[in-house]
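One structure below.
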Amino acid sequence: IVPQNADDDPAMKGNHDKLFRFCIGSVDEADALVCLLDGPDADSGACIEMGYAYARGKPMIGVRTDFRGSEDQGVNLMVAGVCAEIIQAPSFSVSVDSLGEAVVDALGRLKIV
């Protein structure tokens, strides 16, 4: 889910309550989440979705292409704790294709694909 894309939908544009419900509903419908964890700290909205998904028993794969380190596997310990696996793939050393393959492999280990 890329909530910014909802701005393309006239029914969603500027309707924060509807967008929030869409994001939560999408987590409910998902078999698993693949979460981008780049930046000095993971996106706050993604963290809420991850916490909600964890509470709902949804498996998550974290993806970090940022080379900067942090507490645990490059991210906050609570974020790392809810992920079944974190893929460390610094953007300057990994192609998009190999990153995609790593995500598919990780989902396969979770028996999602």
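The values are calculated or read from the model by the stated rules, or taken from the named source; none is laboratory data. This structure is a prediction, so every number in the text was calculated from the model and none was measured. Backbone-built Cβ (ideal geometry, glycine too); neighbour counts: all protein chains shown. Keep in mind that these areas ignore ligands, DNA and RNA; they rest on the heavy atoms of the full protein, side chains included. Shrake-Rupley method; radii C 1.70, N 1.55, O 1.52, S 1.80 Å.
Could you calculate the contour length gain from Lys13 to Glu29, that is, 0.36 nm times the residue separation minus the distance between their Cα atoms, to one decimal place in nm?
On the way: separation 16, 0.36 × 16 = 5.76 nm, distance 2.21 nm.
Length difference between fully extended and current span is 3.6 nm.
Within the chain, what whole-number % of the accessible surface is contributed by carbon and sulfur, with the 1.4 Å probe and all protein chains included in the calculation? Solvent-exposed carbon and sulfur of the chain make up 55 percent of the total.
In this Cβ point-charge picture (+1 for Lys and Arg, -1 for Asp and Glu), region 30-97 has a dipole of about 120 debye about its Cα centre.
Hey, what number do you get for the chain at 222 nm if only DSSP H runs of n ≥ 4 count, each worth -39500 (n - 2.57), divided across all residues, to the nearest 500? Intermediate results must be reported in sequence, preceding the final value.
Values: 4 runs with 46 residues, N = 113.
When only DSSP H runs of four or more count, the value is -12500 deg cm²/dmol.
Considering only Gly14, Gly81, Gly39, the mean-square fluctuation computed in a Gaussian network model of the chain, springs between alpha carbons under 10 angstrom, is largest for Gly14. Note: relative contact order over the chain, using C-alpha pairs below 8 Å and six or more positions apart, is 21 percent.
If the viscosity is 1.306 mPa s and the temperature 10 °C, what Stokes-Einstein diffusion coefficient in µm²/s follows for the chain when Rh is the Kirkwood radius over Cα pairs?
On the way: Rh = 14.9 Å.
Calculated translational D: 107 µm²/s.
In the chain, a dipole from Cβ-located charges (positive for Lys and Arg, negative for Asp and Glu) runs towards its positive end, and of Val79, Val96, Gly14 it is Val79 whose Cα lies farthest in that direction. A crude spin-label estimate for the pair Ala84 and Leu36, with each label 7 Å from Cα along the Cβ direction, gives 2.2 nm. Applying 1/(1 + (r/R0)^6) with R0 = 25 Å to the Cβ-Cβ distance of Asp105 and Arg21 gives a FRET efficiency near 0.15. For region 5-113, the solvent-accessible area of protein heavy atoms averages 61 Å² per residue (probe radius 1.4 Å; ligands and nucleic acids excluded). List every residue whose amide H lies under 5 Å from the amide H of Ile86, counting only residues 5 or more places away in sequence or on a different chain, with H placed 1.01 Å from N in the peptide plane. Amide H neighbours of Ile86: Gly62.
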